[in-house]
Amino acid sequence: MSIYVFIETLAGNHKTDRLSGMKQMLLAVFAILLLTSCAGGPGTPSKEVKLTPASFNDLPGWKNDDLQGFTEALTRSCARILKQNPETAFGPIKEAGTYLDWQGICLDLRALQPQDARAFIERHFTPYAVNPGEKGLFTGYYEASLKRFTP
């Protein structure tokens, strides 16, 4: 498991004063507590993940999902994917394929019309059930990118 912690300067200027020093110390303490709480323990799964191909019809709400941001998000990812060695594995699981597999998708994306996003996804991707028939907890993370304003 990888944990990424991003700490940015909270103060708009680089002068160190008692308040900004305290904020930085609190952030450091928070980061340490966060990392130690993520260590393996009684709730840590001990078995491997089993992926089973599924159908898009198995996904609740798939036909009504809003795919408005899909094209922009994948286009930004493709900017990096197209620069990678095609022979390299895309991730740690074989179902992710190689960069070559993804580069083909990225090239097809260039001709995508927004109204065809659902058909594009169904043509190029396969949904997987994770440990089907078992109850579990899936956690996703969102990292907000904020730009600070310095007057």
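Every number in this text was worked out from the coordinates using simple rules, so none of it is lab data. All figures in this text were calculated on a predicted structure; none of them were measured in a lab. With ideal geometry, Cβ positions are generated from the backbone for all residues, glycine too; neighbour counts draw on all protein chains shown.
Couplings 3J(HN,Hα) for segment 115-130, derived from phi with the Karplus relation 6.51 cos²θ - 1.76 cosθ + 1.60 (θ = phi - 60°), are 6, 9, 4, 4, 5, 4, 4, 5, 6, 9, 10, 10, x, 10, 8, 9 Hz, where x marks Gly and Pro. All Cα-Cα distances of segment 51-130, cut into 5 Å bins from zero to the largest, leave 3, 13, 23, 22, 21, 14, 3, 0 percent in each bin in turn. Rounded to the nearest Hz, the phi-derived 3J(HN,Hα) couplings of segment 63-73 under the Karplus curve 6.51 cos²θ - 1.76 cosθ + 1.60 (θ = phi - 60°) are 5, 10, 4, 8, 9, 4, x, 4, 4, 5, 5, where x marks glycine and proline.
Residue pairs exceeding 31 angstrom between C-alpha atoms, taken from K63/K147; K63/K94; K63/K83: K63/K147; K63/K83.
Close amide H pairs (under 5 Å, H built 1.01 Å from N) link Y128 with A54, residues at least 5 positions away or on another chain. Among residues other than L67 with Cβ under 13 Å from its Cβ, the summed charge is -3 (Lys and Arg +1, Asp and Glu -1).
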